[in-house]
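Contents: one structure, followed by commentary.
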């Protein structure tokens, strides 16, 4: 028997009071064919970029050999389980200079203007969102882990360039959301239900956003097969678990002493906050609520401390410690810690089924910094790794592109999403050696 139509639309949502819950990709949403000559549906590709500030200890980051089979350096050790889906790209240069410039150029490849008025360029994630995200509830999702108040000193009016990676126009930065509760409501709440009053009423009543779709879930499960039923149950459990962690973070923050500052609705521990945001990104991709996301894991000139790993000196001042040995050891510790959190995200994506593979197979991720040496603010030879994208990227590769602009990597990755532009920022072409 031939089945030529989907039994369930990929855009199916469960609607409850104040809730619009998109579903993950189910077998019942994919056209089925005869056992002989069965053709898999083309997977949906996603894109995500993660930014860490103030460079890295490059001798502890950069592999000594190029090509396949490169050794995992100390900072990269947490990524070892995913080496087959890693492409390390060394030698790339940033178009921006200084702390604000390093961040603003990371995805725009344009040296931003100084002064009170923002003027950078359209970021490559937004070109991708224009191509693949216009039918999604959120064309793109911009996230961060600290408010501007936690950044520390910055360079006069250029502070505005520290707030986001994403620019929809040269003069329109897209603010990054730091509050997990706000992100959760954007993903799963209806527009009219996400007012502060409605959100507070639901929190005060200790009700889950998912309570009102329980009957719809039961109806759906009666119509789908056992495999899809298990997927729906796992997905709902994941959504509830994220919501539970957000609620706990809010309760924990209510108990913080007045002298201790934490983003509203966010866990007070940096690593817990990062993992929660990564899990929200996973749910956003799994439900196809968005296909493009960025996360500022920390901002340039950040005064953040990391007591959970024994680092009580602010990150920015750590990068300028005159004791060279202590500086390199402490920055390596911070770098490795943040890479371990990125590894958590990769594991989450890898363990989430998506069509004939996993979300990791169908997501292209860029992780790195807009500086290499934070002590001297060096924007050359950036620490960059591309992960995932098994269908379009080779993986298990270290590629050296000495002196090439970061924009060339962006041009190459945009091409994977069908984005065709003649030039991006200071690009001079595309990178060879990383594509399947």
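The values are calculated or read from the model by the stated rules, or taken from the named source; none is laboratory data. Fair warning: this is a prediction, and the values are worked out from it, not measured in the lab. All Cβ positions, glycine included, derive from the backbone under ideal geometry; neighbour counts span all protein chains shown.
For the stretch 336-361, which positions are closer than 21 Å to residue 232 by Cβ and either in a helix (DSSP H, G or I) or free of Cβ contacts under 8 Å to residues at least 60 places away in the same chain (or both)?
Matches in the stretch 336-361: 348, 349, 350, 351, 358.
Restricting to the stretch 417-436, and then to whatever is over 13 Å from residue 109 (Cβ atoms) and touching a residue at least 60 places away in the same chain (Cβ under 8 Å), can you tell me which residue is nearest to the chain's Cα centre (by Cα)?
Ranking the candidates gives 417 first.
Hey, among the residues in the stretch 411-420 that are assigned to a loop (DSSP other than H, G, I, E, B) and at pLDDT 95 or above, which one's surrounded by the most Cβ atoms within 10 Å (Cβ to Cβ)?
417
Scan the stretch 290-306 for residues that are surrounded by fewer than 21 Cβ atoms within 10 Å (Cβ to Cβ) and touching a residue at least 12 places away in the same chain (Cβ under 8 Å) and jot them down.
Listed by number, the residues that qualify are 303, 304.
When residue 351 is evaluated against the numbered criteria (1) surrounded by fewer than 21 Cβ atoms within 10 Å (Cβ to Cβ); (2) in contact with a helix residue (DSSP H, G or I) (Cβ under 7 Å, 6 or more places away or on another chain), which criterion, by number, is the only one it fails?
(2) is the only condition that residue 351 fails.
Restricting the stretch 144-172 to residues that are at pLDDT 85 or above and touching a helix residue (DSSP H, G or I) at 6+ places or on another chain (Cβ under 7 Å), which is farthest from residue 281 (Cα to Cα)?
The extreme case among them is 161.
Take the stretch 114-126 and flag every residue that is touching a helix residue (DSSP H, G or I) at 6+ places or on another chain (Cβ under 9 Å) and closer than 19 Å to residue 175 by Cβ.
116, 117, 118, 120, 121, 122, 123, 124, 125, 126
Tell me which residues, restricted to the stretch 395-410, are under 16 Å from residue 122 (Cα atoms) and either assigned to a loop (DSSP other than H, G, I, E, B) or touching a strand residue (DSSP E or B) at 6+ places or on another chain (Cβ under 9 Å) (or both).
Result: 406, 409, 410.
How many residues are surrounded by 16 or more Cβ atoms within 10 Å (Cβ to Cβ) and either in contact (Cβ under 8 Å) with a residue 60 or more places away in the chain or in a loop (DSSP other than H, G, I, E, B) (or both) when one looks only at the stretch 315-327? I'd like the intermediate steps shown before the answer.
Here is the first cut: in the stretch 315-327, the ones surrounded by 16 or more Cβ atoms within 10 Å (Cβ to Cβ) are 315-316, 318-319, 321, 327.
Filter once more, so that each one left must be either in contact (Cβ under 8 Å) with a residue 60 or more places away in the chain or in a loop (DSSP other than H, G, I, E, B) (or both): 315-316, 319, 321.
Selection size over the stretch 315-327: 4.
Look through the stretch 80-101, keep the residues that are part of a strand (DSSP E or B) and touching a helix residue (DSSP H, G or I) at 6+ places or on another chain (Cβ under 7 Å), and return whichever of them is surrounded by the fewest Cβ atoms within 10 Å (Cβ to Cβ).
Looking at the filtered set, the residue picked out is 93.
Out of curiosity, is residue 108 within 26 Å of residue 414 (Cβ to Cβ) and more than 22 Å from the chain's Cα centre (by Cα)?
Judged against the criteria, residue 108 is not a match.
Quick grid of which residues meet (1) modelled with pLDDT under 95; (2) out of contact with any helix residue (DSSP H, G or I) (no Cβ under 9 Å at 6 or more places or on another chain); (3) over 13 Å from residue 145 (Cα atoms); (4) assigned by TED's automatic domain parsing to the domain that holds residue 167:
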site	(1), (2), (3), (4)
252	yes, yes, yes, no
285	no, no, yes, yes
296	no, no, no, yes
321	no, no, yes, yes
328	no, no, yes, yes
332	no, no, yes, yes
337	no, no, yes, yes
359	no, no, yes, yes
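Exactly one of these conditions fails for residue 40: (1) over 19 Å from the mean Cα position of the chain (by Cα); (2) modelled with pLDDT under 95; (3) surrounded by 15 or more Cβ atoms within 10 Å (Cβ to Cβ). Give me its number.
(3)
How many of the residues making up the stretch 222-235 are more than 31 Å from the chain's Cα centre (by Cα) and part of a helix (DSSP H, G or I)?
Summing the residues that are more than 31 Å from the chain's Cα centre (by Cα) and part of a helix (DSSP H, G or I) in the stretch 222-235 gives 3.
In the stretch 362-394, which residues are part of a loop (DSSP other than H, G, I, E, B), modelled with pLDDT of 95 or more and in contact with a helix residue (DSSP H, G or I) (Cβ under 8 Å, 6 or more places away or on another chain)?
Those that are part of a loop (DSSP other than H, G, I, E, B), modelled with pLDDT of 95 or more and in contact with a helix residue (DSSP H, G or I) (Cβ under 8 Å, 6 or more places away or on another chain): 369, 370, 371, 372, 374, 375, 377, 379, 381, 382, 383.
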